[in-house]
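We did not get these values from a lab; they are worked out from the coordinates using the rules stated. The shown structure was predicted, so the numbers you read here are calculated from the model rather than taken from an experiment. Here the Cβ positions follow ideal geometry from the backbone for every residue, glycine too, while neighbour counts run over all protein chains shown.
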Amino acid sequence: MNILRKSIPNRQSLSAFSRILVARYSENTGSKEYIDGLVKDKKLVVFMKGTPAAPKCGFSNAVVQILDFHGVKQYDSFNVLEDEDLRQGIKEYSNWPTIPQVFIDGEFVGGCDLMLEMHKNGELVDELQKVGIKSALLDKKDEGS
């Protein structure tokens, strides 16, 4: 009986797996289910204009620069300029009218203005730590002590 129990994934694993499948195979990239599959169970996700290597607007570039400043190199990003359904769907999903949009641990954090504010007041360091991402600012702070 124990062998059988170990071979059956728990509900949480099945739920995450089903979100990934829906995201991968959904025809409607703007649907809640599709976007759930992109953001849930992920540490950091950015919906932006362009890519981190080549942002296509100043606000998206600012978010990338903030993350770079914190030493964050690995995160999922989605270029909404390549998919109009995703571009509109993410706005409805988060109830936020502008791009870029940042999600930490599956939760909507905000856009460029909120990321900048969180960076300035130190809150971003704490939010990143909650998901196991150590900000490079902590290293700089340690060096200065």
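Summarise the long-distance tail of P(r) for region 30-145 by giving the % of C-alpha pairs beyond 24 Å.
When every Cα pair of region 30-145 is considered, 22 percent fall beyond 24 Å.
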>> Take the residue pairs Lys42/Lys91; Lys42/Lys134; Lys32/Lys56; Lys91/Lys130; Lys42/Lys120; Lys56/Lys134 and return only those whose Cα atoms are more than 22 Å apart.
In response: Lys32/Lys56; Lys91/Lys130; Lys42/Lys120; Lys56/Lys134
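Multiplying the sequence separation of Lys120 and Asp41 by 0.36 nm and subtracting their Cα-Cα distance, what value in nm do you get?
25.8 nm
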>> Need one number: nm distance between label points at Asp113 and Asp139, each 7 Å from Cα along Cα→Cβ, rounded to one decimal.
In response: 3.3
> Projected onto the charge dipole of region 58-118 (+1 at Lys/Arg Cβ, -1 at Asp/Glu Cβ, origin at the Cα centre), which of Thr98, Asn79, Gly58 gives the Cα projection farthest towards the positive end?
Replying inline: Gly58
> Across 10 Å bins from 0, what is the distribution of all Cα-Cα pair distances for region 44-93, in whole percents?
Replying inline: 27, 55, 17, 0
> Can you give the FRET efficiency for Gln129 and Glu33, using 1/(1 + (r/R0)^6), R0 = 30 Å, r = Cβ-Cβ distance, to the nearest 0.05?
Replying inline: 0.50
